[in-house]
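Heads up: the structure comes next, in structure tokens.
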Amino acid sequence: MIRAEQAFEYIDQSGLERAPRVEKLHELGFTWADLEEEEYWLDAVAVMRGETYQELKEAAAALWAILDKAVRYVHLRHDLYDLLGIPPVLWQMLDDCPMPEPGLISRYARFDFAVAGDGTIKLLELNADTPTGYVEASIATPWICAEAGIGSPNAAMKQQLAAAWSVERPDTAACVDYGSHEEDSGTIEALAAHSGLDIRCVDCLDLWIDEGVVKDGENRIIERMFALYPKEWMAVDEGGDALAYAIESGKLQLFNGPHSIILQSKGLMAAVWGMYELGLLFTEPEREAISRYILPTYNKAVFSESFVSKSVFGREGGSVRIFDDSGALEIEDEEGYDSSQLFPVVYQKRAEMARIMTAEGELHLLTGMFVINGTPCGLLGRAGGPITGNASHFIALGVRGLEDVQG
């Protein structure tokens, strides 16, 4: 058993002059280290034990295959689409579009893990549709770790992204409020740059659709598009039906692909846990991985101990509520949008995250692991309260003894 103090080591660098370091990160492409005079980036490194990192990579690979298998079980079953909260406007699209090869339902995804102080690893959720944090992980983290003399496994992210997009070959990358929303704009610009392709970045709000043909604000036809646009919003946004039709009819190839919405749903974890309890679908090694790394997750609150509720399509902490052992509400997110007004809720056993003492006080450390082109390949650290939301900080995650760990 790893002792609590050994899973992570905290290296505080806040004593260094911040302004030139922020400027250097800005030059590299991470332009939101400071947001409206607030310090989003914690000038520090959380160093993960090498053995913990190796187990995390193995856990991510195993869970990636397990969830991929579960998506293929759910595919074409409308009763399960409904159980997972998939909006009906997407069902025809999911039925008609070809299912990608194993392991590649999403080529750009991020697991969020609770890694406890003793090294225990539990999966909180998978963002397989529209993950951000790419700039922080692929650009900022390697530089910060190098400056601190700490190893980082994140250098492989750029190569994996280029390999993924050499297959998908998007001609356009889009986000809402491109040019004014700094984080999303910077994310799609970095993805486009790392792809090595000639990709135009546009604002989702400038797009329009004519009989299934998607065009940008300059009337340029878009045929292959990566979009930081959550697919579930097609159910509520004006023009959502038209966008779904464009994909169904084959006039638009959207990345991540349509079936990433099934991977994205937190209801899939409830389905996996339910099949695990019933002894369905999974092999014995898969069952061992589920038991070890997936938290008991249900569509109803059936716990006699502390648990969490969250919308199946909640993002950035929105809709998350933590309940104590008696079932009383202990804390809830008040910053993010509460999407439980629109989509079903799942209930998950509470997991412990490592805690680090920073200049901001004691913070909970959330461990992200990117999976790009089917390969676990990059760490993302976020530090904040018990619920990791918009108010959380970015912190670089490094790995101790990386020379002994194939990163």
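The values are calculated or read from the model by the stated rules, or taken from the named source; none is laboratory data. Since the structure is predicted, the reported quantities are computational estimates derived from the model, not experimental observations. Quick reminder, even Gly has a Cβ in these numbers, built from the backbone with ideal geometry, and neighbours come from all protein chains shown. Side chains included, ligands, DNA and RNA excluded: accessible areas come from the protein's heavy atoms. Shrake-Rupley method; radii C 1.70, N 1.55, O 1.52, S 1.80 Å.
For the residues His393, His78, a 1.4 Å probe over the protein chains yields an accessible-area ranking, largest first, of His78, His393. Among 211-223, 157-169, sorting by the average number of other beta carbon atoms lying within 10 angstrom of each residue, highest first, gives 157-169, 211-223.
Over the C-alpha atoms of segment 42-179, the Rg to Rh ratio, Rh being the Kirkwood estimate, stands at 1.00. Considering only Gly274, Ser304, Phe255, the residue lying farthest towards the positive end of the dipole of segment 230-321 is Ser304, judged by Cα position with unit charges set on Cβ. Rolling a 1.4 angstrom probe over the protein heavy atoms with all chains in place gives segment 1-63 an accessible area of 53 Å² per residue.
One quarter of the convex hull surface built on the alpha carbon atoms of segment 325-378 amounts to 6.8 nm², the projected area averaged over directions. Annotation for segment 325-407: trypsin sites (Lys or Arg not before Pro) lying in DSSP loop with at most 11 further Cβ atoms inside 10 Å of their Cβ do not exist.
The distance between label points at Asp210 and Ala146 comes to 4.7 nm (points 7 Å beyond Cα on the Cα→Cβ vector). Determine the distance separating the Cα centre of segment 256-280 from the Cα centre of segment 69-86; give it in Å without decimals. The two parts, judged by their Cα centres, are 8 Å apart.
Here is the result for segment 58-87: no chymotrypsin sites (Phe, Trp or Tyr not before Pro) lie in DSSP coil with at most 13 other C-beta atoms within 10 angstrom of their C-beta.
Less than 5 angstrom separates the built amide H of Thr358 from those of Leu363, all sequence-distant by 5 or more or on a different chain.
If you stretched the chain out fully between Glu37 and Glu58, how much longer would it get, using 0.36 nm times the residue separation minus the C-alpha to C-alpha distance? Before the final figure, lay out each step's value.
On the way: separation 21, 0.36 × 21 = 7.56 nm, distance 3.90 nm.
Length gained between Glu37 and Glu58: 3.7 nm.
Here the contact order of segment 27-132, divided by its residue count and restricted to Cα pairs under 8 Å and six or more residues apart, works out to 16 percent. Of the trypsin sites (Lys or Arg not before Pro) in segment 1-80, the ones in a loop by DSSP (not H, G, I, E or B) with at most 14 other beta carbons within 10 Å are Arg3, Arg77. Given Lys158/Lys251; Lys122/Lys215; Lys158/Lys266, which pairs have Cα atoms separated by over 31 Å? Too far apart for the 31 Å limit: Lys122/Lys215.
Here is what passes the span test in the chain: the DSSP H helices with alpha carbon length of 30 Å or more along the helix axis and a Kyte-Doolittle mean of 0.0 or above are 50-74.
Kirkwood Rh, the chain, all Cα pairs: how many Å? That comes to 21.6 Å for the chain.
Only Lys, Arg, Asp and Glu count, each charged at its Cβ (+1, +1, -1, -1), so figure out the dipole size of the chain about its Cα centre, rounded to 20 debye. Display every interim value, and only then the final one.
On the way: 32 positive and 66 negative charges, 288 e Å.
Dipole size: approximately 1380 debye.
Summary value for the chain: 24 percent relative contact order, contacts being C-alpha pairs under 8 angstrom separated by 6+ residues.
Ordering Tyr229, Tyr178 from largest to smallest accessible area (1.4 angstrom probe), what's the sequence?
Values: Tyr229 35, Tyr178 70 Å².
Correct descending sequence by accessible area is Tyr178, Tyr229.
Note on the chain: with neighbouring protein chains present and a 1.4 Å probe, carbon and sulfur make up 48 percent of its accessible heavy-atom surface.
Placing unit charges on each Cβ (+1 for Lys and Arg, -1 for Asp and Glu) gives the chain a dipole about its Cα centre, and among Leu76, Trp165, Met234 the Cα reaching farthest toward its positive end belongs to Leu76.
Which value, in Å², gives the accessible area per residue of segment 144-223 when a 1.4 Å probe is used on the protein heavy atoms? Spell out each step's value before the answer.
On the way: 3690 Å² over 80 residues.
Using a 1.4 Å probe on heavy atoms only, each residue of segment 144-223 averages 46 Å².
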